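One structure below.
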Amino acid sequence: MSRYFTEDHEWVDVDGDVGTVGISEYAQSQLGDIVFVDVPEEGKALTKGDEAAVVESVKAASDVYSPVSGTVIEGNPALTETPGLVNEEPESDGWFFKLTLSDPDELSGLMDEIAYAAFVEKL
Amino acid sequence: MSDTEIPDEIATQTLPLDAWHRAQGGRMVEFAGYHMPVQYEGIMAEHLWVRESAGLFDVSHMGQLVFRAEGGADVVAALEALLPADIAGLAENKQRYSLLLAENGGILDDLMVTHLPRENPFAADDEAAEPAEPAGWSPLDASPTDPDAPTFYMVVNGATKIDDIAHLLEFLPDGIAINHLEEQALLALQGPKAADALARLVPGVEAMVFMTAGAFDWNGVPLWISRSGYTGEDGFEISVPGEHVVALADALIAEPEVKPIGLGARDSLRLEAGLPLYGHDLDPETTPVQADLGFALSKRRREAGDFMGAEPILAERAAGATTKRVGLLIAGRQPVREGATVVDASGADIGRVTSGGFAPSVGAAIAMAYVPAELATPGTTVSLSQRGKVHTATVTAMPFIPHRYVRAGGK
């Protein structure tokens, strides 16, 4: 399984043609206390870069963009009651949604963990 | 438009605690033209800490003004011409909330005004206190011709202070001097344990009650302290010379009850307390009647009708405002924030949300909004539109969290 990152601080884990999407540790630290997450419904078709989810901290609302194109399999049901999971476990239990990738070639335009770490370092 | 008169880029200014905030781990943002800390450890934790213990806020961006009569002018009458408060009835060391009003009744700013004692605690920062004054005249007195003429201290919002001063200079009569205390920093210590912590450093503050003030000494540093604030909690606001504010802030956070708190929690605390924020819930387009600030229009001043903006405001008060500021409890967890609209059944805009967010002590999303008067009764259900999504909310009496001020006759 491989993990890729966007410059907007989303990550996607790819296992076969299924991607799991979330936001990075850096993103959650910048957002602060997360109080609400709106995840996409099953069956929603997303194009790379589409607004896929909304994450609200105490201070502000932010869009989460889909790092790849595909069809949503499920949103993370745990985030409805426990949005703070995104603060606690942003890169594991705090995932946002899973989708079936329609164009795996898009992954080549994303950063791997080392490249993303270097990207964040410069921010 | 005044925009053409202002340079496009005004450099963000720094306040005396700038380096202190950074050393404390504050995340700095631009606010009201200054670099200010929005948070330290996190807005939620900071908010809850203030509600259970005590938090230290730097509010040095706010404008501190002293009004003094020169040569027999009447400072009380001058201030009453511009403010709807009973200034004549404000005893020494008493503080009052008031509004700076435009001719059309719009709110130019909200503020706190205090009647200073005869021994002007800001004498050291007062231009009149220069040693060139004639011998025998004490700078502590308001005027060489009338030592009994009162002086007043006013705290106004940071983002509006320059416009406020321009308005005051335009409309105050000759003979009223305004001194902008730019060298004074301002701290707020708020929370149920604020009195315990501050009294250890400055004995005697615990004897004051809400909306009173006094001069104190801390290791030779003159402090002007009021028992007031903008969080709904008990607490104090402390005016301190800028060169001593780092030492005072260090001493305050050394007390076990006290942590530094950023602007983020300041905003969520005042929202829960039902307190309007200028530039968001109040602006030149809204009046005190619409904003539900009728308490700021004192009875004597209403009957006299002799303050700027009185005519339209009193007419609106008699007829009833068509739009009212209300509190809203939002259904579901998603915050509905400033910029969202209040909509009718057809989806047409009928009002606006002016502040909103997640309320840590309520555990729900809350907001302030202006709604048509017929929807302003607590218990009324209203619909809100935000980014294409409709939310349901219930009009709720404010404050959302009970105020815990220490009043005269209380414990």
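Just a few scattered comments:
- For segment A:70-93, residues that are away from every other protein chain (no Cβ under 14 Å) and under 21 Å from B:Gly264 (Cβ atoms) total 1.
- Residue within segment A:17-29 that is in contact (Cβ under 8 Å) with a residue 40 or more places away in the chain, aliphatic (A, V, I, L, M), within 14 Å of chain B (Cβ to nearest Cβ) and crowded, with 18+ Cβ neighbours inside 10 Å present: no
- A:Pro67 assigned to a loop (DSSP other than H, G, I, E, B), away from every other protein chain (no Cβ under 14 Å) and not hydroxyl-bearing (Ser, Thr, Tyr): yes
- Restricted to strands (runs of 3 or more DSSP E) entirely inside segment B:1-112, those with at least 3 residues that are touching a helix residue (DSSP H, G or I) at 6+ places or on another chain (Cβ under 7 Å) and closer than 17 Å to B:Ser228 by Cβ are B:54-58, B:95-101.
- Pairing residues of segment B:29-49 that are more than 10 Å from chain A (Cβ to nearest Cβ) and more than 21 Å from B:Tyr278 (Cα to Cα) with residues that are of a type outside the set (A, V, I, L, M) and part of a strand (DSSP E or B), at Cβ distances under 6 Å and at least 6 apart in sequence or on separate chains, gives B:Tyr40/B:Pro260; B:Trp49/B:Gly55; B:Trp49/B:Lys259.
- Consider segment A:46-58 and keep the residues that are surrounded by fewer than 23 Cβ atoms within 10 Å (Cβ to Cβ) and not in a strand (DSSP E or B). The one that is nearest to the other protein chains (Cβ to nearest Cβ) is A:Asp50.
- Total residues in segment B:379-410, condition of a type outside the set (A, V, I, L, M, F, W, C) and farther than 26 Å from B:Ala265 by Cα: 8
- Some residue of segment B:348-361 being in contact with a helix residue (DSSP H, G or I) (Cβ under 8 Å, 6 or more places away or on another chain) and part of a loop (DSSP other than H, G, I, E, B): yes
- Residue within segment B:27-34 that is touching a Ser or Thr at 6+ places or on another chain (Cβ under 8 Å), under 26 Å from B:Gly191 (Cα atoms) and not basic (Lys, Arg) present: yes
- A:Gly43 being more than 14 Å from every other protein chain (Cβ to nearest Cβ), within 29 Å of B:Gly262 (Cα to Cα) and either among the hydroxyl-bearing types (Ser, Thr, Tyr) or not in a strand (DSSP E or B) (or both): no
- Helices (runs of 4 or more DSSP H) lying entirely in segment B:240-335 (those with 1 or more residues that are polar (S, T, N, Q), surrounded by 21 or more Cβ atoms within 10 Å (Cβ to Cβ) and within 14 Å of chain A (Cβ to nearest Cβ)): B:263-272
Residue by residue, here is whether (1) at pLDDT 95 or above; (2) closer than 23 Å to B:Ala251 by Cβ holds:
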position	(1), (2)
B:Asp18	yes, yes
B:His21	yes, yes
B:Gly63	yes, no
B:Glu70	no, no
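- Hey, A:Leu110 within 22 Å of B:Gly356 (Cβ to Cβ) and at pLDDT 95 or above or not: no
- Every pair of residues 6+ apart whose Cβ atoms lie under 7 Å, when the first sits in segment B:328-339 and is in the same structural domain as B:Thr380 (by TED's automatic domain parsing) while the second is of a type in the set (Phe, Trp, Tyr): B:Arg333/A:Phe36; B:Gln334/A:Phe36; B:Pro335/A:Phe36; B:Pro335/B:Phe358
The values are calculated or read from the model by the stated rules, or taken from the named source; none is laboratory data. Just so it is clear, the model here is predicted, and its values are computed rather than measured. Counting neighbours? That spans all protein chains shown, and the Cβs are built from the backbone with ideal geometry, glycine included.
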